[in-house]
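This report concerns only the one structure given below.
FYI, it's all coordinate maths here, none of it is from the lab. Quantities reported herein were computed from a predicted structural model and do not represent experimental measurements. All Cβ positions, even for glycine, are placed from backbone atoms using ideal geometry, and neighbour counts span all protein chains on display.
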Amino acid sequence: MRALVTALLPLLVLGCAGTDAPPAPEPDSAPYVFCLLVAGESREDHDAAARERIQAEHLANIERLAESGDILIAGPFGAPNPDPRRRGVFIFDADSLARAEALTRTDPAVKAGVLGMELAPLRSSPRWREIAALERETSERLRREKPGEPAFEIRGYTLLLVAEARDEAQAAAVAALEAAGHTVLEGRLGAPMADRRLVILDLADPDEARKIVESTLGRPGGPTYEMHPWWASANIARLGATLR
């Protein structure tokens, strides 16, 4: 899945937290693992040449894991980044944190210690497994149409981590955001990110996203949330449109 392999992705190293406690199952949901990529302690220990080599090896490993179907979605955070320590996201097709951790430990960049990773169970639509077939189709088409150029398509989104609604006002705010028609992926996270929902919006412009999110979630009594501009495969929006 070459859409995952982009020079925008940061260098990685694993640093996972939490347990395998999954979020409560929901109707028509499937288990995944959400991975929040964070800055590691050893990033400054490598010179430019070493970082370039590690990055190339890291991307090759991501491509391998994508082609095997273990990684479904990946992408880095864009600007403005409200928390520079946070670098990006993976979503694994794995039913346990232990499985996702084992897969990540195969990455040469993980072994180099330049980024960390925080893991949490995620339940979302089982149809997200269809992203792998869409990525293969995209790669084959672009190799035919544009030989010698990157065989993937990326675009901007907005990624939200939203506190679970605990009263009617909060629930109404979350429902209003979904009703606006911008949500392309959402799911419930488990420990250590329990009581939060992952929401990916089909909004590439940070200013537009901020206005829309503040008009719904930002109202008095609404849930707390964290918002990140995010880059990932264009196929997320294509598949998400069929799930609305």
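See the values below:
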quantity: Helix-only CD estimate at 222 nm, as mean residue ellipticity for the chain, using -39500 (n - 2.57) per DSSP H run (n ≥ 4); calculated: -10000 deg cm²/dmol
quantity: Viscosity 1.002 mPa s, temperature 20 °C, Stokes-Einstein D of the range 138-244 from Kirkwood C-alpha radius, µm²/s; calculated: 143
quantity: Efficiency of FRET between His46 and Ala169 - r from beta-carbon atoms, R0 41 angstrom, step 0.05; calculated: 0.25
quantity: Within a Gaussian network of the chain (alpha carbon springs, distance under 10 Å), most fluctuating of Ala194, Ala74, Ala120; calculated: Ala194
quantity: Cβ-derived FRET efficiency at R0 51 Å, Ala176 paired with Glu57, nearest 0.05; calculated: 0.70
quantity: Between the range 33-83 and the range 165-206, the alpha-carbon center distance in angstrom; calculated: 25
quantity: Added length on full extension, which subtracts the Cα-Cα distance from 0.36 nm per residue, Glu208 to Ser96; calculated: 36.7 nm
quantity: Scattering curve values for the range 42-111, log₁₀ I(q)/I(0), Debye with Cα scatterers, q = 0.11 Å⁻¹; calculated: -0.31
quantity: The chain - Rg (one decimal) and Dmax (whole number), Cα, Å; calculated: 17.5, 54
quantity: Ordering of 179-187, 213-221 by burial proxy (mean other Cβ atoms within 10 Å per residue, highest first); calculated: 179-187, 213-221
quantity: Of Asp195, Asp167, Asp93, the one that fluctuates the most in a GNM where the chain has Cα springs shorter than 10 Å; calculated: Asp167
quantity: Taking the chain and dividing mean pair separation by its residue count, relative contact order in percent (alpha carbons under 8 Å, at least six apart); calculated: 28
quantity: The range 221-244-the range 138-153 distance, computed between alpha-carbon centres (Å); calculated: 25
quantity: Förster radius 51 Å - calculated FRET efficiency between Ala191 and Lys146 (Cβ-Cβ, nearest 0.05); calculated: 0.70
quantity: Distance (nanometres) between label positions extended 7 Å along Cα→Cβ at Arg129 and Arg238; calculated: 2.0
quantity: Most mobile of Arg196, Arg141, Arg188 in a GNM of the chain (Cα contacts under 10 Å); calculated: Arg141
